[in-house]
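Undergrad: One structure is given below, represented as structure tokens, and several questions about it will come after.
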Amino acid sequence: MSDSIQRILLLGSGALKIGQSGEFDYSGTQALKALRDEHRYTILINPNVATVQTSEGIADAVYSLPITPEYVEKVIQKERPDGIMLAFGGQTALNCGTELYRRGILDKYGVKVLGTPVEAIMETEDRQLFADLMHEIDVKTPKSIAVGSVEEALQAARVTGYPVIVRAAYTLGGLGSGFCANDDELTRLASSALAYSPQLLVEESLKGWKEIEYEVVRDRYDNCITVCNMENLDPLGIHTGESVVVAPSQTLSDHEYHRLRETAIRIVRRVGIIGECNVQYALSPTSDDYRVIEVNARLSRSSALASKATGYPLAAVAARLALGYGLDELTNAVTRVTTACFEPALDYVVCKLPRWDLSKFSHVSRRIGSSMKSVGEVMAIGRTFEEAIQKGLRMVGQGLHGFVGNELHIPDVDTELQNPTDRRLPAIELAFDRGYTIDRLHELTKIDKWFLCRLENIHRTKVRLAVCSSLADVSDALLREAKSRGFSDYQIGKLVLAGSGLSPHGKADAVRALRKQLGIVPVIKQIDTLAGEYPAQTNYLYITYGGDENDLVPERDGRSVVVLGSGAYRIGSSVEFDWCCVAAIRKVQEMGYRALMINFNPETVSTDYDACDRLYFDELTLERVLDICDAEAPRGIIVSVGGQTPNNLAMLLAERGVTLLGTPATSIDCAEDRQKFSALCDKLDIDQPRWAELTNIQDIVSFAEKVGYPLLIRPSYVLSGAAMRVVTGNDELDDALSAAAAVSHEHPVVVTEFVERAKEVEIDAVAQEGVIKCYAISEHVEFAGVHSGDATVVFPAQKLYYETIRRVRRTAAKLAEALHISGPFNIQFLAKDNRLKVIECNLRASRSFPFVSKVTGFNFIGMATEIMLGHEVEPYGKTFADIDCVGVKAAQFSFARLTGADPVLGVDMASTGEVACLGADYYEALLKSMLAAGYRVPDKGKGILMSSGTAPSKVELLEAARTLVRSGYRLYATGGTADFLATNGIEAERVHWPDSVQKPSVIDYLREGRIDLVINIPKNHTPRELQNGYLIRRTAIDFNIPLITNARLAAAFIHAFCHLTIEDVGIKCWKEYH
Amino acid sequence: MERKAILQLADGSEYQGYSFGYEQSVSGEMVFTTAMTGYPESLTDPSYRGQLLVPTYPMIGNYGVPDDERDAYGLPEHFESDRIQCTALIIGDYSADYSHWDSHRSLGNWLVEQHIPGIYGIDTRSLAKRLRTYGAMSGRIIFDGDDVIPFRDPNAENLVAQVSTDRIQSYGNGRYRVLMIDCGIKNNILRCLLRRDVTIRRVPWDYDFTADSDYDGIFISNGPGDPSRLVPTISHLRTALAGDRPIMGICLGHQLLALAAGARTYKMKYGHRGHNQTVRIPGTHRCFVTSQNHGFAVDGNTLPDNWECLFENLNDGTVEGLRHKTKPFFSTQFHPEASSGPVDTDSLFDLFISNIRNYVR
């Protein structure tokens, strides 16, 4: 039967956003690889250019197009697939697939849904249908009432009683969901949630219950296995994406474990899953009562985690089951001697921790709750919970050294414990310091006492270390205990050598030296899915102090090359670096070396079981990288493809004798150190914006007088809000400096000249021994001032002077030579009137490497890797003129998730993901990219709001406004904009600002759904302007109305959608462009 | 710091650990289990008699130990027999602080109460790999300061005699009368049957039931050690096989049934112990995840003509169940009663009852 399915369409998940991140690149890639092994022709639709799955050699045809029914239909029309897979692209793919099914498109073209049937998916997505289904098989679900209006919601709450939880159907990761304690809160939440979803559920609150998940697999023979169960450390009420998740469960008795397991299997059978399914439970902490709270009939974030936690390749197995295989017919990819029809046994514990970037946004609460705000996650493996959680806290990469040894100021510990934020774990440690008992902590946090006791163990070890005043006081046993409880050398050094006068790294070095002398070194353990029961060929490894035997003896033959991964996805460092890592690994292998990967991000392809020769799923800290180098004696280490995390280790590693491949560490240091880099630029006669690092307010004011406004202010320490901002005058400067917690020698402020209306140009390049071998020059649509990660990037640059391009090339060549670059690098410039200023130079791969590599069809990282391994390469011969298409990369924002955040763009990055599409020209590519990033062509039955800011942006938008009217759109405009349009003969209906009593109010129109696109260009920083603009922007986001805050981008987008329709754009795969 | 203890294996290897249970040097057969939950059930499983049990999951004791409540039949609510049966427990990391609404004491305290040694701080993965590579072997725990004791091979003893009942007991008042041959039964087998309208008569392992006809079906329980030592039981079963009364056997009971039928058993290199062993019905794609605990197995090449394999192990192909081609006799090497472990094959008890129903009719 499966033979009739030869051509398979797989839907990806698009841009990374909060609630739907890199895990779907991982599962999609694994599924596509499995289908390729099964000799199927695969077609992928995914506009996320930074993913591995859109690279060559994964799918047969890759379409970088919006994942919408309209575009998918076009691809179906062209490719005529036999089957479609909807389970590997998150909620985006599932929603799109459901819509294709509803519209009869799948039927029309005879496309069979492979795996779980769409009807089953729809049953699990509709909460009432699902609850009825569960009732039928005696499975308990929360008391819950479906409502379609605010009034109905209030009525429902009277039935269940407060507090209630509100959930929206058909949304990503709990969007529009939350707890409400009273009518007011419910009214507010329900009205905004109804904008996303026609149906809401008002449910009994199970706050404080345990949250448990099972990952279940079922095949067409009705065989069911649960691959993994997981327990949230945080109690119910905190979204699982916001929780610390532990696998396997730690506090469940056998009876509880198997009762929930049996229930999960019963559910999966009733729903009719073929493939993978996630079942989430609430489990009472005081009885054996439970509720099923969620079922995801697709691969999910949890299944990616379960895959990494157990070594069981869920996506590959799910893909094969969808083709019709039985579980018993598939081999366990890890052991290669047992079958895939089994349940992994773990002999270690894993902790998943979320990574938040909430400090990047203004107006955002740090409170964590029932909707997801985290942007990434890490997974730590240990033989004890203490070891795993301490590793995990370091991996998150926000300055914590583990559970203890941090210096955090949490003013009100009790409030923090009761109303948790991203700092709840450090708050628990502070509470231990203050003598809180386990009972008291449990009462405040509702975290199970077992976890609290284990955390207290870490605290106890800390206390014993802290009384030691030199390393001689630390007994062998205490040192072993500390290491097996996950203490880093850095933490131990900090606690024991406080008065030594050594630098922090000097202290850690001293601890390391002592440890090695005492023979206290970690061991390498395998993850083999069977807890050692069968011999395994596995290359999936972690490092632990919980053991005395290595599972593996490294060859130490000089043929191993270590690649450092990117760590947690975060704003500014995401899947693009995973693409770079995977590209580097492949090239290392191609060249006959053994590729060793170190990374700890469970959402990545680089940590997939077959991506490299040996995977160390472990920390990217100096200590751990040195441990691995000690064990492996590699030929060298690549630090330049994993983003800033490995880049930061370059100098430290080189100083300790590790061989860096490629650009020398001293050059990296020169580029990273502002002073050194400036000196170099001066020497090379390269212009930079004027800047100064200042330590007192008077100097800042004098600098402002000398250079003039606007200025870019970067305090090194801020209490809240965005760290970096542009100020246009003295008042704003005062304001920015008062937001800075301190201006001092320890906390200097960097003040930089800000050039207005300058273009931003980037070069991505690869050099060998200081000579450039390939390069790509791109330009931003927006003027400088929008962070390069948020900007819309065009490659090849379409609107640069030839002279500018020449100067970019020349400057890059000078820097490459001076810094002896051997490997990837990226330089960002301001260009105005052919004058260039360098604003950033990174001697590593940048965010745009996958983009330029895919547009050119030439793998920049492949070449960089060859160079780093010492092979002489030929320069890449193509020029821009040879590229017969235009690529546009657009940013994806997740403001909808971040309740209250001001969705305005600035000098600090705010986007969580990106897409890129190709077109025959700039506008075609731009249109596709914008649609792929979640914008939509406005409905002509509705209107477009313009609130166009300063005079230059008003002018910028004038032609666009005319085009809109000509195309039949109705315009709404606020005060100044309405006047301006009227003066220029453009008809627009005047709407009034949010703080005005006059009607019609812009907010009413937004709420009533009369507006389908909002163009709001921030004008100045007066409080009234700020507040009004904020309310318009935020309302647009809360009511799911597309918002553009940049005039140049808005003008380009309007031009594109007014002149092009879907019939005009090319439906072509990457290969057809090259 | 707790008292130190050395774990020595018959092959000369040594591991150092710390005590968290009763402190008395002991010896027995080393076995590892890959189950991640269920230590109260496993420790009281009579099949572990004489063994030093090594869970490969490193953190043990997390949810404490429940109390000694008994149900309406007088069976302990939470345990598989009246006492801890294994000789010692060897683990990686011990949770002295436990947490569960239904727990009443720590694992360590329970071990002390029951005079069972427990040591932690052992690299149980490396230990499991050793047993996997070199096969099951004897081991001993010598506490710091204690005299060395000799190695003990429990398989040379009649372990079943140590764990079987010493008198005839009755349970329930149901329609179907089951004769239970107790070779070291797990209580959950009794519980599973009692839910199905039966009266159970539990008899000692060597009870001669052949003269007796006061039952509708025979159940042969699990139990410890080498099945071939249990000559009286095998001989009684051989007589029963000549008749038509339904028979079901589990684990040791399955091996005994095979021996009575004329097949042979053998000692496996290191056995199957865990919750994740998959079995398949031969010739189909139907698989079940099962709970297992055995060191001996039935040799599939020695099955008599009128017997066939009912289940096979998906990984190593070993015999996981038998059935008679015409008579209502069947057995499983795995544990349909679970406890601890997955409950996917619970319906096999229904099969046994339906065989009895047909026989009675």
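Please treat every number below as a calculation from the coordinates, not as lab data. Model, not experiment: these values are computed from the prediction. In this analysis, Cβ positions are derived from the backbone assuming ideal geometry, glycine residues included, and neighbour counts consider all displayed protein chains.
Undergrad: So how far apart, in nm, are the two label points at A:VAL553 and A:GLU1063 if each is 7 Å from Cα heading toward Cβ?
TA: 7.2
Undergrad: I need the per residue convex hull volume for region A:679-791, using only the alpha carbons, in cubic angstrom as a whole number.
TA: With only Cα atoms used, region A:679-791 gives 145 Å³ per residue.
Undergrad: Still on this structure, please answer the following. With a cap of 16 neighbouring Cβ atoms within 10 Å, and only residues DSSP puts in a loop, list the trypsin sites (Lys or Arg not before Pro) found in region B:3-95. Walk me through the intermediate numbers first.
TA: Details: sites: B:ARG3, B:LYS4, B:ARG49, B:ARG70, B:ARG83; in loops: B:ARG3, B:ARG49, B:ARG83.
Those that pass, being in a loop and sparsely packed, are B:ARG3, B:ARG83.
Undergrad: Sticking with this structure for a sec: Once phi is turned into ³J(HN,Hα) by the Karplus curve 6.51 cos²θ - 1.76 cosθ + 1.60 with θ = phi - 60°, what whole-Hz value does each residue of region B:165-178 show in order, with x for glycine and proline?
TA: With coefficients 6.51, -1.76 and 1.60, one gets 6, 9, 8, 7, 10, 10, 9, x, 9, x, 6, 9, 9, 10 Hz.
Undergrad: Would you order A:THR226, B:THR210 from fewest to most other beta-carbon atoms within 10 Å of each residue's own beta-carbon? Walk me through the numbers before you get to the answer.
TA: Working: A:THR226 25, B:THR210 14.
Taking fewest neighbouring Cβ atoms as first place, the list is B:THR210, A:THR226.
Undergrad: In the neighborhood of A:LEU299, defined by Cβ-to-Cβ distances under 13 Å, what is the net charge if each Lys or Arg adds +1 and each Asp or Glu adds -1?
TA: -2
Undergrad: Name the most mobile residue of B:ILE122, B:ILE185, B:ILE247, meaning the one with the largest mean-square fluctuation, in a Gaussian network model of chain B with Cα contacts below 10 Å.
TA: B:ILE122
Undergrad: Quote the relative contact order of region B:4-156 in percent (integer), defining contacts as alpha-carbon pairs under 8 Å separated by 6+ residues. Don't skip to the answer; put the middle values down first.
TA: Details: 367 pairs, mean separation 57.3, N = 153.
Relative contact order for region B:4-156 comes out at 37 percent.
Undergrad: In whole angstrom, and with the biggest value first, how far do the Cα coordinates of region A:2-114 range along each principal axis?
TA: Principal extents (largest minus smallest coordinate, Cα): 33, 30, 19 Å.
Undergrad: Next up: What whole-number distance in Å separates the alpha-carbon centres of region A:187-225 and region A:325-378?
TA: Computed from Cα coordinates, the inter-centre distance equals 18 Å.
Undergrad: When A:LYS683, A:LYS814 are ordered from fewest to most other Cβ atoms inside 10 Å of their Cβ, what list results?
TA: Details: A:LYS683 10, A:LYS814 17.
Sorted ascending by nearby Cβ count, the order is A:LYS683, A:LYS814.
Undergrad: Let me ask another. What 222 nm value per residue comes from the helices of chain A, counting each DSSP H run with n ≥ 4 as -39,500 (n - 2.57) and dividing by all residues, nearest 500 deg cm²/dmol?
TA: Numbers: 36 runs with 393 residues, N = 1074.
It lands at -11000 deg cm²/dmol.
Undergrad: Tell me which residues come under 5 Å, amide H to amide H, from A:TYR972 once H is placed; ignore anything under 5 positions away on its chain.
TA: A:ILE944, A:LEU945, A:MET946, A:GLU989
Undergrad: Summing -39500 (n - 2.57) over the DSSP H runs of n ≥ 4 in chain B and dividing by its residue number, what mean residue ellipticity at 222 nm do you reach, to the nearest 500 deg cm²/dmol?
TA: Details: 8 runs with 72 residues, N = 361.
After summing the helix terms and dividing by the residues of chain B, the value is -5500 deg cm²/dmol.
Undergrad: Rg and Dmax of region B:4-156, Cα atoms, in Å?
TA: 14.9, 49
Undergrad: When you look at the Cβ of every residue in B:143-156, what mean number of other chain Cβ atoms sits within 10 Å? Write down the numbers at each step before the final one.
TA: Details: counts 0, 0, 0, 0, 0, 0, 0, 0, 0, 0, 0, 0, 0, 0.
Mean number of neighbouring Cβ atoms from other chains: 0.
Undergrad: Further question on the same structure: Summing Lys, Arg as +1 and Asp, Glu as -1, what charge do residues with Cβ under 11 Å from the Cβ of A:ALA316 carry, A:ALA316 excluded? Show your work: numbers first, answer last.
TA: Working: positive: A:LYS33, A:ARG36, A:ARG320; negative: A:ASP37, A:GLU38, A:GLU276, A:ASP608, A:ASP610.
Here the charged neighbours net out to -2.
Undergrad: Also: Only sites in a loop by DSSP and with at most 13 other Cβ atoms within 10 Å count here; which trypsin sites (Lys or Arg not before Pro) in region A:336-426 make the cut? Please list the in-between numbers first.
TA: Values: sites: A:ARG336, A:LYS352, A:ARG355, A:LYS360, A:ARG366, A:ARG367, A:LYS373, A:ARG383, A:LYS391, A:ARG394, A:ARG423, A:ARG424; in loops: A:ARG336, A:ARG366, A:LYS373, A:ARG383, A:ARG423.
Sparse-neighbourhood loop trypsin sites (Lys or Arg not before Pro): A:ARG336.
Undergrad: Between B:GLY223, B:GLY262, B:GLY283, which gets the highest mean-square fluctuation from a Gaussian network model of chain B, Cα cutoff 10 Å?
TA: B:GLY283
Undergrad: To continue, here is another question. Any chance you could check the Cα centroid distance between region A:930-970 and region B:137-196 for me, in angstrom?
TA: Using only Cα atoms, the two centres lie 81 Å from each other.
Undergrad: Taking neighbour counts of Cβ atoms within 10 Å as a proxy for exposure, in what order, fewest first, do B:SER103, B:SER27 appear?
TA: Details: B:SER103 20, B:SER27 23.
Final ranking by Cβ density, sparse to dense: B:SER103, B:SER27.
Undergrad: Once the other residues with Cβ under 14 Å from the Cβ of B:LEU303 are scored (Lys, Arg +1; Asp, Glu -1), what is the net sum? The partial results should precede the final answer.
TA: On the way: positive: B:ARG264, B:ARG323, B:LYS325; negative: B:ASP299, B:ASP305, B:GLU308, B:GLU312, B:GLU320.
Summing Lys/Arg as +1 and Asp/Glu as -1 gives -2.
Undergrad: Moving on to the next point. So what are the ³J(HN,Hα) numbers for region A:383-395, from phi and the Karplus equation (6.51, -1.76, 1.60; θ = phi - 60°), rounded to whole Hz, Gly and Pro as x?
TA: Those phi angles translate into 9, 10, 4, 4, 4, 5, 5, 5, 4, x, 5, 6, 4 Hz.
Undergrad: May I ask you to evaluate 6.51 cos²θ - 1.76 cosθ + 1.60, the Karplus curve with θ = phi - 60°, for each residue of region A:149-156 and list the ³J(HN,Hα) values in order in whole Hz, giving x for glycine and proline?
TA: Ordered by residue, 3J(HN,Hα) equals 8, 5, 4, 4, 4, 5, 5, 4 Hz.
Undergrad: In region A:241-309, if the dipole is taken from +1 on Lys/Arg beta carbons and -1 on Asp/Glu beta carbons about the Cα centre, which of A:ASN278, A:SER253, A:ALA297 is farthest to the positive end?
TA: About the Cα centre, the residue reaching furthest to the positive side is A:ALA297.
Undergrad: Starting from the amide H of B:ARG3, placed 1.01 Å from N in the peptide plane, find each other amide H under 5 Å away whose residue is 5 or more places distant or on another chain.
TA: B:SER19
Undergrad: Please work out the Cα center distance from region A:592-639 to region A:987-1057, rounded to the nearest Å.
TA: 48
Undergrad: Right, here's the next one. Remind me, what semi-axes does chain B give for its equivalent ellipsoid, largest first in whole Å, using sqrt of 5 times each Cα gyration tensor eigenvalue? It would help to have the intermediate numbers written out before the result.
TA: Working: eigenvalues 236, 98, 68 Å².
Sorted largest first and rounded, they come to 34, 22, 18 Å.
Undergrad: GluC sites (Glu not before Pro), restricted to region A:351-457: which are DSSP loop and have at most 14 other Cβ atoms within 10 Å? Walk me through the numbers on the way to the answer.
TA: On the way: sites: A:GLU377, A:GLU386, A:GLU387, A:GLU407, A:GLU416, A:GLU429, A:GLU443, A:GLU456; in loops: A:GLU407.
Listed in order of number, the matching sites are A:GLU407.
Undergrad: Further, regarding this structure: Calculate the all-directions average of the projected area of the protein assembly as shown's alpha-carbon convex hull, and give it in nm². All intermediate terms of the calculation are to be shown ahead of the outcome.
TA: Details: hull surface 211.8 nm².
If you wrap the Cα atoms of the protein assembly as shown in a convex hull and average its projections, you get 53.0 nm².
Undergrad: Still on this structure, I have one more. Hey, could you grab the Kirkwood Rh for region B:265-361? Inverse mean 1/r over distinct alpha carbon pairs, Å, one decimal. Please report the intermediate quantities before stating the final value.
TA: Values: mean 1/r = 0.0715 Å⁻¹.
14.0 Å is the Kirkwood radius here.
Undergrad: Taking amide H atoms as placed 1.01 Å from N in the peptide plane, list the residues 5 or more away in sequence, or in a different chain, whose amide H sits under 5 Å from that of B:PHE311.
TA: B:GLU320, B:GLY321, B:LEU322
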